[in-house]
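The numbers here are math on the coordinates, done by the rules we state, and not lab data. Values in this document were obtained by computation on a predicted structure and should not be read as measured data. For neighbour counting, all protein chains shown are included, and Cβ atoms are generated from backbone atoms with ideal geometry for every residue, glycine included.
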Amino acid sequence: MDTQSYFPVQAGVGMEENFLSLDDILLSHERLPVRTECTFPRLGYLEKSSDAHDIAEGSKMELPLWLSKGLYERKRRVLSVELPKVYREGWRTVFNADPNVVDLHKMGPYYYSLGSQMLHFDSPENPDIAGTLLQTFIGRFRRTMDSSQNAYNEDTSALVERLDSLEKGLFRSGQSGLNGFQSWEKGQATQITASSLVLNYRKRKINDLQP
Amino acid sequence: MFCEKAIELIRELQRMSDGQLPAFNEDGLRQILQEMESLYEQNQSDVNEAKSDGRAELIPSIKLRHCCLLRNQRCVAAYLYDRLLRIRALRWEYGSVLPANVRFHMCAEEWFSQYKKSLASFMRSLGADGLDITQDMKPPKSLYIEVRCLKDHGEFEIDDGTVILLKKNSQHFLPRWKCEQLIRQGVLEHVMS
């Protein structure tokens, strides 16, 4: 296994986000349809469609997750967040029927993480959403694990393209374990290799120098 | 919508997910700080107005701007921390001396030299004479190893004083601890017999 030196902050698990994780920051940038339950004076310029000075009560907007989470209050005075399509009744029945056929990358690359974050908004469908997320993951996990452990030295793009980002991370760790084991079997485990970071820098230098 | 510049910085880092260090986006950082300043000033004036005139309906806007400030703060902190982790990786991959093109992308050498010093003093404190923990990243099987040169690297002196000329494609039988650094940098190649 190539020894790795760069250890980025991992994404949080479940309903918690890791403050410094790049994945969590990109995830919380996703937009959600919301409906304002009170006015926001002097912020009318955020709403592209109207020219009002304030954001009126009851206007429908698309706000990023981080803003919705920050403004949401249990007493429901400020915002009400609608579920994105993928977490609603219709799609939930599809997921419950057969989780393996769905292209999770197209459904938003952060299906599981965003779904877990949606549980913060106290929708009455929360138990169903949580149940669907879990069952989908359980249904798909076997295939991801099998394919990551058996695809050695081949092009894996067809296997990976329908996976959500969490599953892709799992696939990658499976692959790196497989590669490590295979290189150990061949006796290459003690061979000192050039660090991949160094080689990438060198490739980049050559590209930089070319006009 | 606010905080667009901040997310751009994060995306820049995410694009290089293998751990390479991109150029320091000083401009971007300055824009984010300016946005934070203007948000803060708007909030200050609104808070004063809400307190003095008792206009409680301004509070949701104040809260929104505050969320944006916190978001910008989070993005900047994550950006700097991730760069720090990448610079740390450089010390473990490249050794103490960084080549010029890599150093160019760091904004200030400060943290890197501090980290080097901490690491060196830690290594000195281990065992009797100190222990170089950046060596032997894979379990060693022998003291001496066979290496082949991948590019011209000039002259190389080993412990007993003999000087070896590293020319492309020449093979040598050298002590492991001397060549490990060069192999990781891609100058030599470890030949398994």
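For the reader, a short list of remarks on this structure follows.
- Taking every residue in A:181-193 and counting other chain Cβ atoms within 10 Å of its Cβ, the average works out to 4.
- Gaussian network model of chain A, Cα within-10 Å springs - most flexible of A:D164, A:D51, A:D98: A:D51
- The order of A:C38, B:C107, going from fewest to most other C-beta atoms within 10 Å of their C-beta, is B:C107, A:C38.
- Over chain B - Rg/Rh using Cα atoms and the Kirkwood inverse-distance radius: 1.22
- Under-5 Å amide H pairs with B:I145, H placed in peptide plane, nonlocal only: B:L174, B:R176
- Each Lys and Arg adds +1 at its Cβ and each Asp and Glu adds -1 at its Cβ; summed about the Cα centre, the stretch A:1-82 shows a dipole of about 420 debye.
- Amide H within-cut-off set for B:I164, under 5 Å, with H built and near neighbours excluded: B:F156, B:E157, B:I158
- Extent along the principal axes, Cα only, for the stretch A:85-179: 47, 23, 19 Å, with the longest axis given first.
- Normalising the Debye intensity of the stretch A:1-158 to I(0), with uniform scatterers on Cα atoms only, and taking log10 at q = 0.10, 0.14, 0.19 Å⁻¹ returns -0.48, -0.84, -1.27.
- Averaged over the residues of peptide B:177-186, the number of Cβ atoms from other protein chains lying within 10 Å of each residue's Cβ is 3.
- Among B:S38, B:C67, B:L188 the positive-end extreme of the charge dipole of chain B (Cβ point charges): B:L188
- Pairwise label distance in nanometres, B:L165 with A:A52, each label 7 Å out on the Cα-Cβ vector: 8.3
- Among A:L159, B:V97, A:T132 the positive-end extreme of the charge dipole of the protein assembly as shown (Cβ point charges): B:V97
- Over the residues of chain B, the helix contribution to mean residue ellipticity at 222 nm works out to -18500 deg cm²/dmol, using -39500 (n - 2.57) for each DSSP H run of at least 4.
- Rh by Kirkwood over Cα pairs, then Stokes-Einstein D for the protein assembly as shown at 1.306 mPa s and 10 °C, µm²/s: 63
- The lysine pair tally for chain A, using Cα distances under 20 Å and a gap of 8 or more places or different chains, is 7.
- Listing B:R71, B:R11 from fewest to most neighbouring C-beta atoms within 10 Å gives B:R11, B:R71.
- Remark: relative contact order (chain A) = 19 percent; criterion is Cα-Cα distance under 8 angstrom and separation of 6 or more residues.
- Here chain A is assigned +1 on the Cβ of each Lys and Arg and -1 on the Cβ of each Asp and Glu. Its dipole about the Cα centre then comes out at about 300 debye.
- Label zone (A:F141, point 7 Å along Cα-to-C-beta; backbone nitrogen cut-off 17 Å) within the stretch A:69-110: A:96, A:99-100.
- Database remark: amide H of A:L32 closer than 5 angstrom to the amide H of A:L63, A:L65 (H placed geometrically; neighbours at sequence offset of 5 or more, or on other chains; Pro and chain starts carry no H).
- Only the Cβ atoms of Lys and Arg (+1) and of Asp and Glu (-1) were treated as charged; on that basis the dipole of the protein assembly as shown about its Cα centre amounts to roughly 480 debye.
- Annotated for the stretch B:67-182: lysine pairs at least 8 residues apart or interchain, Cα distance under 21 Å, count 8.
- Chymotrypsin sites (Phe, Trp or Tyr not before Pro) within the stretch A:104-211, DSSP loop, no more than 15 other Cβ atoms inside 10 Å: A:Y152
- Taking every residue in B:86-92 and counting other chain Cβ atoms within 10 Å of its Cβ, the average works out to 4.
- Annotation: extensible slack from B:I59 through B:E157 equals 28.2 nm (criterion: 0.36 nm per residue apart, minus Cα-Cα distance).
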